[in-house]
Amino acid sequence: MELRLENLTKIFTNKNGQETKAVDKLDITIESGTLVALLGPSGCGKSTTLFMISGLVKPTSGKIFFGEDDVTKLAPEKRGIGLVFQNYALYPHMTVFKNILFPLENMDVPRDEAFERVKEMANLVGIGELLDRKPSQLSGGQQQRVAIARALVKKPRVLLLDEPLSNLDARLRLQMREEIKRIQRETGITTIFVTHDQEEAMSISDKMVVLDFGAEQQYTAPQEMYNNPANLFVAKFLGNPPINTFEAEVKSGNLLINDKKFMSAKVPDGEYIIGMRPENFRVDDQGFEINVKEVFHVGRDTMIHFDFNETNVRALVDSESMTNKADKVKLIIKPSKVYIFEKETGKVLNHE
Amino acid sequence: MDKNLFEKSKKIEKITFIFDFLAIVIYLFLFFSLFQLLELPEIVDGRMALETLEFMTPIYEYLGSSFTHTQMNSILSILVIFSIVAVPMLVINIKKNNTKTIYDIDSYVAAGKFVQALINLLSFNPISAALRIYNTFVVIKFVKGYNVKEFFKSIPSGIKGSIEAYKEKRRILAEEKQVSDEYSQSLKKSIRTQTLFHTLRLLGTYLFLVVMALIIVIPFYWMVLTSLKNFTGATSADPEFFIGISRWNWVNYKVVLTEMNFGLYIKNTVIIALFSTAGTILTTILAAYAFARIEFKGREVLFSILIMTMMIPGELYIITNFLTVSRNGFGWVGMPEGQNQYFVAMIIPFVTSISYIFFLRQNFKQIPESLYKAARVDGCSDFKYLMRVMVPIASPTIFTITILNIFSSWNAYIWPRIITGVGGEEGKSYWLISNALRDTSFTLDNTRVMYNLQIAASTLVTVPLLIVFFAFRKYIMNGIGRSGTKG
Amino acid sequence: MNKVLNPIKAFFALIFKAIKTFLWNIRRGLNKVKRKITDFLDKHNINPAGKFPGWIKALLYLSPALIVLAIFTFWPIINSFALVVYENYNSTDNTITGYTIFGNFIKVLTDASFIVPSQNTGSSAIINTLIIVFISVPISIFIALAIAVALNSIKPLKGFFQTIYFLPYVTNTIAIGLVFAYMFKTDGGLVNQFLKIFGVTKDYSWVQVGATYNRAMFVLIFYSIWASLAFKIMVFLTSIQGIDKQYYQAAAIDATPRRRIFTKITVPLISPMIFYITVTSVIGAFKIYNAIVALFGVSGKPAGADFTLESIVMYIYKFIDGSNAGSLSVAAAASLVLFAIILLLTLVQMQVSKKRVHY
């Protein structure tokens, strides 16, 4: 089911009359059967967007389409969505079986078929043996699977997940995100999930939407976004360790770093913000010489700290290539991996 | 650990339950049949000649045998004692049997079963006794792998073993005393003093608790004791603290139930309690839900108004409510005979209580809102959500409200009194137990009070509540404790 | 055995299933109907509730409660204010002879049996009630707290004692009151027998003919405390048990003596509860009525006594039965006086609590 958001906007007015724009003219088409992440820092409007898609929150303006249908004014229960809450919202007094059965009780489904579907869904998410337990007797991961099963048992058109992994411990998170991916593949349902963890979003989603203050920053596949960020915000948001950014001047088509020419740049002269990812540096004799400030060895990686234009910059290189405590080191970086951002807007200039 | 033996023991236990239950049924049946036979004094000039009660010595015939008055008392007493012992035992056993796992079975369980077998024998329940003894040996086999013969053979060696262990302990202690290290000596001394203080304090606490408990319990004991005495015994200047089972006058209860109409009054009270509680639960659940979950303008204002009215004393309401239900208002009471609706007047005004609404609303608010959202997404209507999610989750609170309401109905006095007071004779038949207790004349010739009968009425009125209490003990106590902490 | 049971079990299972399926299908049908209706309304954009959907729903849910409350709670409040200004209101023919603002209040406040006892009444409702409140409430709270602390510190038999202490709650006030009256019987009552052990020779009268005011009041206060312990103990125990053990552990490491633990840790941490219990106990004690009736009957005093043990509420109820014209107004006035007293005391307690209660 293709999902289309057309100029979706949400403005909250609080008691004192102050307005907050939570979502700002979001315009996105999500292809059927894809797993899309809504990514962004706290308060960027991703949960609000999710709830507008679900129908629990009414948009201030804009439209939402499920396929051909305009569902903007439709009540949540009529849209055919499945929603998994951050705290799972399982009914504590019902068994797992009854929890999953609950949505079907409100639909036009014969009893036998309903029971079959519950069992089928439980097996799909991997909790087939736990049907008689109550939620309090389950672990966090198991509870989440129940929540997913409950959302899917309706065979919804769209599956929505609100920060599904944030309540789990680190190791479980790894496991569960792969599970989510697997379930999505097997059912083929268009799925949207909200997260603030970029690593999580990048690892499993087909495409990501990065939001900041309710506005879309970029919408594309994870690796593409990582390599070709549309603006400074996206570049800074993705990547661990984070991208290095510093101010630099371009004069006569040359990028100047530490008052030396670093590389040529096909942009007009002026002041820009430069972005370079730590892992894109290599130690090489032909490279740009820098004064080493500090060196951190962490297993197979070594982190070198130095200054570009009086800003601290990190380079992540192989431990093999950087053995001793040298004061000076020569580093190179591919020009395609150097990002030049416009100072006022943050837009990237040398990448398409 | 032979699982089969465990299962077998459980099965035998289940069969034993059937016979236990049968025994209880028989006890109760016998009790009620004999109770029916008890003879009451004759009716003279329209009232029962209760002065003769003490001197009656009827002979009873039952199933071909004849019993004297005192023998009848003894039999009834024994039947009551059996029932009081057997019913809780059965209930506890059933609970235990369902929850015991294979790891809980040890030799104490076997000993317990054996003791219960003895109790069964004493209660004239030979079948249960035999089954239990058999079960004892099954459990022993399970725990120790012995069968019967080996078990008995193992007893002497078991005794020897424990004597050995004891001797060993003594030896180690004596060795430890040899250690002349100063520090450890003084350390041991201070530990001993500490333990002494600790033990003293523990003893003191228990003593205090026991004294308090006695103060609480003695009125109950005195109540039951007096209810079974005869008139002389109850009014004597030197009352006995204990009477033998042959002198337990069960006929007192029969008098109170029939001649003094307490059967009717208890029935009235039960009706009131049932309907008022049902109505209260209904209105409270709906109203609490409205205040907790439904968004409407002025919700908080309306709720605050309700809270403020909680402070106003109930006496204020009674005055006007009396006018409202009488001839000037709804006309439920104060009308000519036959047109009065006493039950309606007693129930309807109290079918809602703001404090219960407040209490339940608190509980409803604690249920996470995400559950509501999840249910809405699944197409669940408000009412369905209330009934199938919120009510089950809040059921402990609802249960507490039920209990509180039942207790207050049981204790209702002033309102029923006012309502039935205007009805004269007709009103009297609608008395509730509190009214009956206070306003029934228990006197002989209007001077001497028949305390034994009066106290028997009190006991009759107290016992049903006690039974309810013991059945739901945990829930009631937890609920009351929690209702206080709502703050 | 199983061969017999299994077909029977299967049969019942089938019936069970059929019933459940039937219920399920009913629900399905209802859902369908509901959906058709809402679809129809949505299509034609009909919205009966307009801008205030919450109101209609709320009204539906609240109506049972509100109707009853309106008739039997709100109306009486208003009516009481009306009653209080009527003069000689006659309830049988619904007539009054005039209006008076303070007339009824004056009647109440000058009545010897209400405020200031005169020579021949010996005591007044207000004095009696005040005595009961200010003696029984502190004592019962203190005892309940002591018992709760003691209970909390033992492990074996805790449940047993808890059950015993809870028994007085599970009773009928009048029934047990009669038992108490019997226990305090002059001639051979349990209490007098008990006193004989200590060498007391005289048979004192506590609640019957010949009882003195002090003795009768003692019995009333004793019974009052006895009956009110259960609830307090339960609430205190629950809140003491709710105190985080870590506080006690920290105090233990600092070798704090037990009394300090009690006064400096336990009591402050449960002070909201103590406050709540104090307020509700005071309010409840002010309204004492059933207990007095239980011990002394509707007259409110031992037979032949020249004093009365009436409480304020008892005084009020005296006038409700009343066929005297205007008595209902007096009752209303007295109730308002009671309300004022309770309100005042509650406000005072709230002021005190600001310093002592820690949330």
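Numbers at a glance
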read-out: Output for region A:98-136, where each listed residue is under 32 Å from the mean Cα position of the chain (by Cα), closer than 24 Å to B:Leu386 by Cα and free of Cβ contacts under 8 Å to residues at least 40 places away in the same chain; value: A:Val118
read-out: Pair list, Cβ under 9 Å, 6 or more apart: region C:15-27 residue within 15 Å of A:Asn106 (Cα to Cα), other residue of a type in the set (Gly, Ala, Ser); value: C:Trp24/A:Ala114
read-out: Filtered residues of region B:429-464 (kept if crowded, with 19+ Cβ neighbours inside 10 Å, assigned to a helix (DSSP H, G or I) and hydrophobic (A, V, I, L, M, F, W, C)); value: B:Ile433, B:Ala436, B:Leu437, B:Leu453, B:Ile455, B:Ala456, B:Ala457, B:Leu460, B:Val461
read-out: Out of B:Gly338, B:Gly334, sole residue that is more than 14 Å from chain A (Cβ to nearest Cβ), crowded, with 21+ Cβ neighbours inside 10 Å and more than 30 Å from A:Met94 (Cβ to Cβ); value: B:Gly334
read-out: Options B:Leu196, B:Leu209; residue that is surrounded by 10 or more Cβ atoms within 10 Å (Cβ to Cβ) and within 38 Å of the chain's Cα centre (by Cα); value: B:Leu209
read-out: Region B:227-241, residues that are assigned to a helix (DSSP H, G or I) and under 16 Å from C:Thr186 (Cα atoms); value: B:Thr232, B:Gly233, B:Ala234, B:Thr235
read-out: Flag if A:Ser321 is outside any strand (DSSP E or B), modelled with pLDDT of 85 or more and not aromatic (Phe, Trp, Tyr); value: no
read-out: Number of the condition not met by B:Leu302 [criteria: (1) closer than 18 Å to B:Ile414 by Cα; (2) at the interface with another protein chain (Cβ under 9 Å from one of its Cβ atoms); (3) not in a loop (DSSP other than H, G, I, E, B)]; value: (1)
read-out: Selection count, region B:91-104, where residues are touching a helix residue (DSSP H, G or I) at 6+ places or on another chain (Cβ under 6 Å) and either modelled with pLDDT of 90 or more or in a loop (DSSP other than H, G, I, E, B) (or both); value: 0
read-out: Helices (runs of 4 or more DSSP H) within region C:79-197 that include 3 or more residues crowded, with 22+ Cβ neighbours inside 10 Å and more than 9 Å from chain B (Cβ to nearest Cβ); value: C:125-153
read-out: Test: C:Ser299 is polar (S, T, N, Q), buried (at least 20 other Cβ atoms within 10 Å of the Cβ) and either more than 30 Å from C:Val149 (Cβ to Cβ) or modelled with pLDDT under 85 (or both); value: no
read-out: Only listed residue being within 13 Å of another protein chain (Cβ to nearest Cβ) and touching a residue at least 40 places away in the same chain (Cβ under 8 Å), chosen from B:Tyr289, B:Tyr221, B:Tyr253; value: B:Tyr289
read-out: Qualifying residue in region B:467-478 (condition: more than 10 Å from every other protein chain (Cβ to nearest Cβ), under 21 Å from the mean Cα position of the chain (by Cα) and crowded, with 18+ Cβ neighbours inside 10 Å); value: no
read-out: Qualifying residue in region A:249-260 (condition: closer than 21 Å to A:Lys347 by Cβ and either among the small types (Gly, Ala, Ser) or in contact with a helix residue (DSSP H, G or I) (Cβ under 7 Å, 6 or more places away or on another chain) (or both)); value: yes
read-out: Subset of region A:188-220 [more than 20 Å from A:Gly45 (Cα to Cα) and touching a Lys or Arg at 6+ places or on another chain (Cβ under 6 Å)]; value: A:Ile204
read-out: Residue list for region B:305-322, filter: among the β-branched types (Val, Ile, Thr), free of Cβ contacts under 8 Å to residues at least 12 places away in the same chain and not in a loop (DSSP other than H, G, I, E, B); value: B:Ile305, B:Ile319, B:Thr320
read-out: Unmet requirement for C:Val330, which otherwise passes all of (1) surrounded by fewer than 24 Cβ atoms within 10 Å (Cβ to Cβ); (2) modelled with pLDDT under 85; value: (1)
read-out: Subset tally (residues that are farther than 11 Å from A:Leu38 by Cβ, surrounded by fewer than 22 Cβ atoms within 10 Å (Cβ to Cβ) and in contact with a strand residue (DSSP E or B) (Cβ under 6 Å, 6 or more places away or on another chain)) for region A:190-216; value: 2
read-out: Test: residue in region C:250-271 that is among the aliphatic types (A, V, I, L, M), crowded, with 22+ Cβ neighbours inside 10 Å and modelled with pLDDT of 85 or more; value: yes
read-out: Any hit, region B:355-370, residues being within 11 Å of another protein chain (Cβ to nearest Cβ), under 28 Å from A:Met52 (Cβ atoms) and not in a loop (DSSP other than H, G, I, E, B); value: yes
read-out: Among the residues listed as B:Ile271, B:Ile319, B:Ile266, the single one being assigned by TED's automatic domain parsing to the domain that holds B:Met387, within 28 Å of C:Leu344 (Cα to Cα) and out of contact with any Phe, Trp or Tyr (no Cβ under 6 Å at 6 or more places or on another chain); value: B:Ile319
read-out: Filtered residues of region B:12-57 (kept if at pLDDT below 85 and among the basic types (Lys, Arg)); value: B:Arg47
read-out: Condition check for B:Phe322: crowded, with 16+ Cβ neighbours inside 10 Å and more than 7 Å from chain C (Cβ to nearest Cβ); value: no
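The values are calculated or read from the model by the stated rules, or taken from the named source; none is laboratory data. Predicted model, so just to flag it, every value in this text is computed and none were measured. Neighbour counts run over all protein chains shown; Cβ positions are idealised from the backbone, glycine included.
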